[in-house]
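To start, the structure itself, in structure tokens.
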Amino acid sequence: MSLAGKKINFEIEDVNLHYYQVQIWDKLFHYSLHNWLALNQKHHARFQELEGDKAAQMDLLQSILIGNILAFAKGINWRIEKKIIVKIDQIKSVKFLPFKQKKIMALSINFQSNVSLPNLIGLGKGVSVGFGIVKLEKKPNLNTKKTMTKINEL
């Protein structure tokens, strides 16, 4: 891998296989999402157009987050047939961070969703380099047996 023009070799020290239940529930999970690169060029322009309308900006971000969850589901071969609910509770910070020789807006947020997501997955752009890390903050009381989907966590 090349980082800042220098060749760096990485080695995998350990691989663990975990089973995680990913599905849509009737209850909401509480998550944080750190340095989420939500806005591509098209979405950034739309976000700027909505500058005076915070509710519309939040709706745009929530729809993008649903799209990111759908992309994750597709990546693990999970076909979602129910409605995904996402509610952003708080935008904790907005920073402009370097990504592909540009400064791009990174959001750290708290959100709720009816989708059970594995801890420490990435959502949005730049997940392979550490952006968009999801952390479970609060799990609802779940007393239901469901089929588990296997994913690999490195």
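Some values worked out for this structure:
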| read-out | value |
| --- | --- |
| Rel. contact order, % - alpha carbon contacts under 8 angstrom, at least six apart, region 1-140 | 38 percent |
| For region 1-86: rounded, prolate or oblate by the Cα gyration tensor [a/c cutoff 1.5] | oblate |
| Identified option (computed volume of the Cα convex hull per residue in Å³; candidates (i) 133; (ii) 111; (iii) 291) | (i) |
| Gain upon complete extension [HIS43, ALA71; 0.36 nm per residue less C-alpha separation] | 8.4 nm |
| Isotropic mean projected area of the C-alpha convex hull, region 7-57 (nm²) | 8.0 nm² |
| Whichever lysines have a C-alpha closer than 23 Å to that of LYS42, once near sequence neighbours (fewer than 8 apart) are set aside | LYS54, LYS74, LYS87, LYS95, LYS100, LYS102, LYS103, LYS125 |
| FRET E, pair LYS95, PHE10, Förster distance 35 Å, beta-carbon r, rounded to 0.05 | 0.85 |
| LYS138-LYS82 pseudo-label distance in nm [points 7 Å out on the Cα-to-Cβ vector] | 2.0 nm |
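Every number here is computed from the coordinates shown, using simple stated rules; none is lab data. As the structure is a computational prediction, the values presented were derived from the model and not from experiment. Counting neighbours? That spans all protein chains shown, and the Cβs are built from the backbone with ideal geometry, glycine included.
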